[in-house]
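Accompanying notes for the structure given below.
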């Protein structure tokens, strides 16, 4: 066990940021925590990085308690906070040197470890950090977090606000770091990135909804899910689907709609109904759910989307008069 | 140690790369000294005086005409009651009153002793002081010239009194005051801002998550400012001497050590502020309103402490600057040694220890 | 409700230079009325520069640009009245309440007071925010905040609304609800100009432009792009284009 989180609670005044969180990370694993803003990811990561003490419960990193043995924890952890912790008025090289000295090491001593990451930005090593692009800042921050050869790397939303290309490159880098035997804990709001992890935890409102292998996602208690496609205008199509009896949920999903039914027995009636719409382009296929589907399923099962003000489900008042043509 | 030097050298990089910081650090003291020196002009002209000649003899009349012929003063009128002085001062019709005692000439001749009282409106302390100096000069010159006629020895006792500002305030006064102000500004404002900047940009989070101890982080942040503030103190003393001829009568080493103590105190205040403020802006407001304003208003720098209401006097005694100004005035202007300032020094030392402890207690090993 | 004959944004040969650096290199495109126009690009590709110019916040170096029928060189104030803007970084005042924010923005556009109150009520009901209308913005979750910010940005019925990464960090359900709101306003004839890093959201746009190094590499409906570049989804298209250089 590399990181053990046992029934951790954390509140800020009346706001409960973490509720009974339980997680266990194996050594050398690439573990993803997926969830939107406000799910409690950053709070959880700060507890692991010994920056916050849990109200109750226990958190250990390689056997060291993050409250009692915080000194040891800080030595063996590499932490990259949500905002890239770089000194904007220092150059790339100076940032890296600074963090190396803070940890009592040198860039040369650990160059091999960071080379894969650092070589992307090394040509710009004299440039001030503030003049780097988002993707380059992210790589520099990662180099800084790695510079003391940590055993556990904790990355809080490293890809937020970064474009899809840089994000892809970043995950390739994480893969190469994992080859060095470093345990990686990474959070992201992008569900598609979950596929790159060995295991993921889905988090929402301070709770871990599920922990699973990305390929196993959806093998649990989920109702069958269908993808619907049509060449017609998608939004009216969506609203019409939602009005059908038996429709539990229908959401935009790329160029399709993903639909779940209240019960499997509604399927045939549903199919018959849409067959009557005389839309030749309409296709209806059962699919295996993606992580995002799974997440949305768990959110609605937990009743969290339904109770959220502003949820725009069937009961919303916008344009009920529209007719599908 | 290596970690510590890493922090210090990084802090110097921040300072020397930021033009604004550099301007505040090195431009501000110079500008303030020169500005004060300019405002506190050494020239006086056409000061309005009123005369209450209770004697009305030959000598007192000659003295008055001597004063008026000096070119610095113009006569606003004669009085016959002391009570009128204040209303004239209030309305601004006169700045100085010259009062001759009864039988001025007779006293001088018979008893070899006579008195003149000079009363000034000292709400503008510096020009009042200047006017008095000039008046005294003119009168002394006049009586000296009488020397040959009057049989010696004799004495004209010139008593001065300053309205609204009873305490005698020299032109030199502004150098110690300015020193207290600038060192407070640089040390506390700059440290609180530099520490909160790390909080704001999230770099503090990483420093905390590293094996650095809180003490190391704080020392690494403030050490550069200790050095720079000492340079500043020296600059102010040097400028005061070169531009305004303000001497250092006492030991320069004692003076610098006292500066170091005061700087340390201001820095610990800065650290304390930074532990409460989450953004640079808040830290700035805290330092400005919480430290600078009271330092200016309550330290005796501008307004004399004795004239304050009791409650403000009490407040002024918790102003570090108040004690520091006393120390600097003693060492610089009076040339006294530790024997006369140990009490103030002890007070500053006590405050320093208190604020350091408070700052360390507040500066957490974690984020909250 | 796309009206392909009416263009609300016309850009011809837009160039913006910062010193020797060319942020926008001869961009030309048109945005139709009522369209959802996806404006994609890698970080640093020049998107923000373009949006700032279109919103009348900065001048182009050269080029002919018309927004909502007004020229960006001479009629910036008129443009500002006809557009709405919302970004992830700044949208609402954290220390004002929900209601106060709505009234503040509506007031800025000089709307009639009675009209504001009536629309406000309607809006709060639509968003289900009646119960928390007197809560400070900083107290409400990001997802609600973003939906409210969007409603505020279209409160004065602008011709075009610019959305700069409006859904960053928002949960998947709220993100979809947000897009349903976008679809909804286009039916009132409002044009939506949107940037995003979520590539599934690119699919919801009527047309998508992909910017690479200050230039527009492609501008087509998503389906056309996928077919042309032989990709299964917009993510692949994006990576193919953005990595090409």
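The values are calculated or read from the model by the stated rules, or taken from the named source; none is laboratory data. Just so it is clear, the model here is predicted, and its values are computed rather than measured. Ideal geometry is used to build each Cβ from the backbone, glycine not excepted, and the neighbour counts take in all protein chains shown.
Per-structure values
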read-out	value
Qualifying residue in region C:81-90 (condition: in contact with a helix residue (DSSP H, G or I) (Cβ under 9 Å, 6 or more places away or on another chain), in a strand (DSSP E or B), modelled with pLDDT under 95 and over 21 Å from residue C:165 (Cβ atoms))	no
Scan of region C:133-144 for residues that are surrounded by fewer than 21 Cβ atoms within 10 Å (Cβ to Cβ), touching a residue at least 12 places away in the same chain (Cβ under 8 Å) and at the interface with another protein chain (Cβ under 10 Å from one of its Cβ atoms), ordered by number	C:140, C:142
Qualifying residue in region B:113-131 (condition: over 16 Å from residue B:46 (Cα atoms), in contact with a helix residue (DSSP H, G or I) (Cβ under 8 Å, 6 or more places away or on another chain), at pLDDT 80 or above and assigned to a helix (DSSP H, G or I))	no
Every residue from region C:161-175 that is in contact with a strand residue (DSSP E or B) (Cβ under 7 Å, 6 or more places away or on another chain), on the phi < 0 side of the Ramachandran plot and surrounded by fewer than 24 Cβ atoms within 10 Å (Cβ to Cβ)	C:161, C:164
Residue within region A:254-261 that is farther than 26 Å from residue A:198 by Cα, outside the structural domain of residue A:45 (by TED's automatic domain parsing) and touching a residue at least 60 places away in the same chain (Cβ under 8 Å) present	no
Answer from C:204, C:229, C:198 - the residue that is over 21 Å from residue C:163 (Cβ atoms) and at pLDDT below 95	C:229
Any chance residue A:273 is within 14 Å of another protein chain (Cβ to nearest Cβ) and assigned to a helix (DSSP H, G or I)	no
Any hit, region A:178-188, residues being under 19 Å from residue A:113 (Cα atoms) and within 11 Å of the chain's Cα centre (by Cα)	yes
Test: residue in region A:12-22 that is surrounded by fewer than 24 Cβ atoms within 10 Å (Cβ to Cβ), within 11 Å of another protein chain (Cβ to nearest Cβ) and part of a strand (DSSP E or B)	yes
Among the residues listed as A:252, A:238, the single one being closer than 26 Å to residue C:39 by Cα, at the interface with chain C (Cβ under 10 Å from one of its Cβ atoms) and in a strand (DSSP E or B)	A:252
Hits in region C:145-201 - residues which are free of Cβ contacts under 8 Å to residues at least 60 places away in the same chain, in a loop (DSSP other than H, G, I, E, B) and at the interface with chain A (Cβ under 9 Å from one of its Cβ atoms)	C:170, C:171, C:197, C:198
Selected residue [modelled with pLDDT under 90, over 24 Å from the mean Cα position of the chain (by Cα) and more than 13 Å from every other protein chain (Cβ to nearest Cβ)] from A:220, A:246	A:246
Helices (runs of 4 or more DSSP H) wholly inside region B:1-104 containing at least 2 residues that are within 14 Å of chain A (Cβ to nearest Cβ) and within 30 Å of residue B:301 (Cα to Cα)	B:19-22
Region A:141-168, residues that are within 11 Å of chain C (Cβ to nearest Cβ) and part of a loop (DSSP other than H, G, I, E, B)	A:157, A:159, A:160, A:161, A:162, A:163
Check on residue B:138, modelled with pLDDT of 70 or more, in the same structural domain as residue B:106 (by TED's automatic domain parsing) and either in a helix (DSSP H, G or I) or within 30 Å of the chain's Cα centre (by Cα) (or both)	yes
Test: residue A:89 is farther than 26 Å from residue B:13 by Cβ and either at the interface with another protein chain (Cβ under 7 Å from one of its Cβ atoms) or surrounded by fewer than 19 Cβ atoms within 10 Å (Cβ to Cβ) (or both)	no
Some residue of region B:293-312 being in a loop (DSSP other than H, G, I, E, B) and closer than 30 Å to residue A:47 by Cβ	no
Residue within region A:126-140 that is part of a helix (DSSP H, G or I), over 21 Å from the mean Cα position of the chain (by Cα), within 12 Å of chain B (Cβ to nearest Cβ) and within 28 Å of residue B:366 (Cβ to Cβ) present	yes
Residue identified as within 14 Å of chain A (Cβ to nearest Cβ) and either buried (at least 17 other Cβ atoms within 10 Å of the Cβ) or under 24 Å from residue B:360 (Cα atoms) (or both) among B:299, B:287, B:278	B:278
Top-ranked residue in region C:95-108 [being touching a residue at least 40 places away in the same chain (Cβ under 8 Å) and surrounded by 13 or more Cβ atoms within 10 Å (Cβ to Cβ); ranked as farthest from residue C:136 (Cα to Cα)]	C:106
Residue C:213, sole failed condition from (1) facing chain A (nearest Cβ under 10 Å); (2) at pLDDT below 90	(1)
Only one of A:8, A:73, A:67 that is in a strand (DSSP E or B) and either surrounded by 16 or more Cβ atoms within 10 Å (Cβ to Cβ) or at the interface with chain B (Cβ under 10 Å from one of its Cβ atoms) (or both)	A:8
Flag for residue A:313 being at pLDDT below 85 and within 23 Å of residue C:203 (Cα to Cα)	yes
Matching residues in region A:101-125 - criterion: being in a helix (DSSP H, G or I) and facing another protein chain (nearest Cβ under 8 Å)	A:101, A:102
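Table: residues versus (1) buried (at least 23 other Cβ atoms within 10 Å of the Cβ); (2) under 16 Å from the mean Cα position of the chain (by Cα); (3) modelled with pLDDT of 90 or more.
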| position | (1), (2), (3) |
| --- | --- |
| B:186 | yes, no, no |
| B:200 | no, no, no |
| B:216 | no, no, no |
| B:220 | no, no, yes |
| B:223 | no, no, yes |
| B:230 | no, no, yes |
| B:237 | no, yes, no |
